[in-house]
Structure formats: C-alpha cells, structure tokens
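A short reminder: the numbers here are calculations on the coordinates, not readings from a lab. Bear in mind that the values here come from a model prediction, so they are computed numbers and not experimental data. A quick note on method: Cβ atoms are made from the backbone with ideal geometry, for glycine too, and the neighbour counts reach across all protein chains shown.
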C-alpha cells in the first residue's frame, strides 16, 4: 500500500471514489436534492467542481493506493486558510450553473454552521475522507485519518450528516460540539485537538 498526495492525473479516480463513497450520503442527497431527477449528474458535477477547486488552490490531499488503484483519500483545508475571492466566486458560479442555483443557499447553511465551531480558524478542516466501497471495513479510513491527524497538529474539525460516519469519528476520539437539523438531515460538528 502506497500513501501519497493526489495529483491532477488522479482527478477522475478521486471523483469516482467520492461519488461511490458518498452516493447515499444524507448531506449530499439533501444538498443536491436527490428526489429530483438527475441527482447522479448533479453529484458528479458538484464533486468535479469541488475537486478541481481543491487541487487548483493547492490544498492538501492524502491518498492510499494499491498499485495505481485509489483505495481511500482525504481532503483537508488547513487552519486559517482564506480562499482567494475570485476562485471562490468562480466555484460558486460553476456549482450554480451545473447543479442549480438552489444548491447555493443550502451550501450557505452548511458554511454558517461550520463557522459556529469553537475556534473554527484554529483547526484544520477534514472536508472529505472516502474509502472505496470494495475496501471498506479493512481499517483504511482509520489508517488514513491517523496520518491526516499527524499532519494537522493544530487539530481537526469536520461535519457529517451520516450517522455511520459520526460513530466512526466518535470511536476515533472526536467530540461533538453541536448539531444542526434541516428538514431532511442532521449535521453534527466534531472536533479533535
């Protein structure tokens, strides 16, 4: 098993990994309105926009490979990071164009909740950690999370609307700081110093 950052050449595999790992994720289903036709296309477009932004901004990634097969990956935003305004606006415009303008107010709700985290700017943010469905249950998520934690000595914050993921983070020593309920999903914020 090889641990290394993702490169632009890994974008298709990373997008496929996230799409498969998060297809049934309650937050993404709420955010992108899974009950409407075209959910898979909107999820794909959203993930493409996010991954392209993350890569172009030079934000950290870490991935586990078996040969050239991507098994698990993590995307992190460092503590204190401030997005470049034009790039951030371009990301929002792309999401609105490809996923629908009604996604942006939902994203704003998630960001507003994240900003309520105690000392939010003091912690790095674990944006995503994804394990290939075929490789789940083998400890890869835990292994990857430990390496991410070693590389973020200031601590990590994250949010999840997935009860299974919430239980995983609690087992790893994360502490819930609050929850936020929308009509369809309950987001739980976690911290670990």
Taking Cα pairs closer than 8 Å and at least 6 residues apart, the relative contact order of the chain in percent is 23 percent
Ordered by fewest other Cβ atoms within 10 Å, a rough proxy for footprinting exposure, 125, 180 read 180, 125
For the pair residue 136 and residue 107, the simple spin-label estimate (label points 7 Å beyond Cα toward Cβ) gives in nm 2.6 nm
Given all pairs of distinct Cα atoms, the chain yields a Kirkwood Rh in Å of 17.0 Å
Taking only C-alpha positions in segment 7-49, Rg and Dmax in angstrom work out to 10.6, 34
